[in-house]
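Below: the structure, in structure tokens.
Values in this text are rule-based calculations from the coordinates and carry no lab data. Every value quoted in this text rests on a predicted model; they were computed, and no experiment measured them. Note that we place each Cβ from the backbone using ideal geometry, even for glycine, and neighbour counts take in every protein chain shown.
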Amino acid sequence: MIIPPNENGWSYDNSIGNWKLVYEDKTIMFYEQTDESIGTQSTLFVGTEQECEEQIVKEGLTWPVESEITA
């Protein structure tokens, strides 16, 4: 489920054992199962691994593209 932001624009989650997905626009910023608290001003989705995978497909999310380093 998407965790709505508070009155200051921050979304928080401190659940244990859940998968946490943070994305901005269509770019995944964070995605893993963690017992750590998380706070973000981007979109925060919390659920099972399958629910997160479904959200990634539904929203058309992608990982950031690493830019090539040239000398």
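With +1 on each Lys and Arg Cβ and -1 on each Asp and Glu Cβ, how big is the dipole of the chain about its Cα centre, in debye rounded to the nearest 20? That gives a dipole near 140 debye. Near residue 22: Cβ cut-off under 14 Å, other residues only, Lys/Arg at +1 and Asp/Glu at -1. The net charge is -4.
Charge tally around residue 44: other residues with Cβ under 10 Å, Lys/Arg +1 each, Asp/Glu -1 each, net 0.
Please give the per residue volume of the convex hull enclosing the alpha carbon atoms of the chain, rounded to a whole number of Å³.
Working: hull volume 7.9 nm³, N = 71.
Each residue corresponds to 112 Å³ of Cα convex hull volume.
With θ taken as phi - 60° and the Karplus curve 6.51 cos²θ - 1.76 cosθ + 1.60 applied, the whole-hertz 3J(HN,Hα) list for the stretch 60-66 is x, 6, 9, 7, x, 8, 6 Hz, x standing for glycine and proline.
Per-residue ellipticity at 222 nm, computed for the chain from helices alone with -39500 (n - 2.57) per DSSP H run of at least four residues, works out to -4500 deg cm²/dmol.
To the nearest ten degrees, helix 49-59 and the longest principal axis of the Cα atoms of the chain are 60 degrees apart.
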